[in-house]
Structures are given as structure tokens and as C-alpha cells.
Amino acid sequence: MDFQDLVRRLDLCEAQTSLTEAPELNPDLLGVAAIQQASKGTIAFIESSAFAHWVSETGASVLILPQKLDLTQVALERGIAWVVTENPRLLFAKVLGLFYQPWQPEPAIHPTAAIAPTVKLGQGVAIGAHAVIQSGVQVGDGVALCE
């Protein structure tokens, strides 16, 4: 996804981003990284003044910056797109959710699972080996009961 798409998916106001000043600065994003390990195609965040010097050193294509520090001009001079927010750590967590989804097993019921006849199973469930599900249980859609 590109930076503009990320801004849309996060429902951010473009005024919070470098897109208002440099709309041509719209890098493709391949993942996330810690500021120290960031490289081209990644997004990283700076939470406080203790990490502010990384704006001049990082290889990130996009930075999430705190409102209280004026780092946007340095980022633009280096060709780094940016988002300014009150809580960079929280926004970074939301970005993580766009790039990385938790592992989900394939829907299936293992042959060694013991399931009472009155159990109601939702759509797309995964029941692992030796699972025991008693009477009266209802398993919701997409639930995984595995070790």
C-alpha cells in the first residue's frame, strides 16, 4: 500500500500529514520497523525528544511524529513522508494491525476432538486435537480452539 492509502485506511486528516505540503511524496510501504532498523519501504515512529535525532538518520520512508516536536521540516528535507499525532505509539499500533494479522488455522475439526451432539458450531471454526466441548456450548464464527 502507498502512503496515501495508509492515511485513508487509518481515517486520518490529510492536514496531519506531509501530503498537504508534498503530495508527490507518496512512498510504497512494505512493512513497519523500529526507528533504528527502518529502511526504505517501512514506517517507523518517534515518540519523544530522546529519539528526535533519528529523523536525520533513519532509512524509513514514512515517520509517525509527535505533535510537540517540530520535526516535519527535517523529514521533508530528507524526502520522508510523515504523520503528526498526539500519540505516536498508538497510531503505530494501528499501523501494525494493517500489516500483520495474527495466525489463523484453517477451518477444520480434528478427528480426535470430542464434541457433544448439542454443540452449536459457527462458520469457519477450527477445533484442534483432543479438544473436548461439552453440551450446551456454542462456538462462534471463526473461533479457533487449538493448543
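State which residue is farthest from Pro105 (Cα to Cα) when the search covers only the stretch 118-136 and only residues that are open to solvent by less than 50 Å² (accessible area, probe 1.4 Å) and not small (Gly, Ala, Ser).
Narrowing the stretch 118-136 to residues open to solvent by less than 50 Å² (accessible area, probe 1.4 Å): 119, 122, 124-129, 131, 133.
This time we only want the ones that are not small (Gly, Ala, Ser), so: 119, 125, 127, 133.
Working: Val119: 20, Val125: 9, Ile127: 9, Ile133: 18 Å.
It comes out as Val119.
Any residue that is touching a residue at least 40 places away in the same chain (Cβ under 8 Å), basic (Lys, Arg), open to solvent by 30 Å² or more (accessible area, probe 1.4 Å) and over 17 Å from Ala15 (Cα atoms) - is there at least one of those in the stretch 86-94?
yes
Flag: Thr42 matches the condition of being polar (S, T, N, Q) and closer than 16 Å to Gly97 by Cα.
Exactly one residue among Ala75, Ala44, Ala50, Ala60 is in a loop (DSSP other than H, G, I, E, B) and more than 30 Å from Asp141 (Cα to Cα), and that residue is Ala60. You will find that of Trp54, Trp103, the residue that is out of contact with any Pro (no Cβ under 6 Å at 6 or more places or on another chain), open to solvent by 70 Å² or more (accessible area, probe 1.4 Å) and not acidic (Asp, Glu) is Trp103 and no other.
Residues in the stretch 39-54 include at least one that is touching a residue at least 40 places away in the same chain (Cβ under 8 Å), within 19 Å of Glu86 (Cα to Cα) and acidic (Asp, Glu). Of the candidates Ala52, Ala116, the single residue that is small (Gly, Ala, Ser) and at pLDDT 95 or above is Ala116.
Here Leu65 clears all of (1) open to solvent by 10 Å² or more (accessible area, probe 1.4 Å); (2) among the hydrophobic types (A, V, I, L, M, F, W, C); (3) closer than 20 Å to Asp11 by Cβ; (4) over 15 Å from the mean Cα position of the chain (by Cα) except the condition numbered (1).
Specify the residue that is nearest to Ala144 (Cα to Cα); the eligible residues are those in the stretch 97-131 that are among the small types (Gly, Ala, Ser) and not in a loop (DSSP other than H, G, I, E, B). Show your work before the answer.
In the first step, residues of the stretch 97-131 are kept if they are among the small types (Gly, Ala, Ser); the result is 97, 108, 113-114, 116, 122, 124, 126, 128-129, 131.
Checking which are not in a loop (DSSP other than H, G, I, E, B) leaves us with 97, 108, 114, 126.
Numbers: Gly97: 19, Ala108: 9, Ala114: 15, Ala126: 5 Å.
Ranking the qualifying residues of the stretch 97-131, first place goes to Ala126.
Each residue in the stretch 29-43 was checked for being open to solvent by 20 Å² or more (accessible area, probe 1.4 Å), over 14 Å from Val95 (Cα atoms) and of a type outside the set (Ser, Thr, Tyr), and 3 of them qualify. The single condition among (1) of a type outside the set (A, V, I, L, M); (2) touching a helix residue (DSSP H, G or I) at 6+ places or on another chain (Cβ under 9 Å); (3) open to solvent by less than 20 Å² (accessible area, probe 1.4 Å) that Arg78 does not meet is (3).
The values are calculated or read from the model by the stated rules, or taken from the named source; none is laboratory data. Note that the structure is a prediction, hence the values are computed from the model and not measured. Using ideal geometry, Cβ is built from the backbone for each residue, glycine included, and neighbour counts are taken over all protein chains shown. Keep in mind that these areas ignore ligands, DNA and RNA; they rest on the heavy atoms of the full protein, side chains included. Shrake-Rupley method; radii C 1.70, N 1.55, O 1.52, S 1.80 Å.
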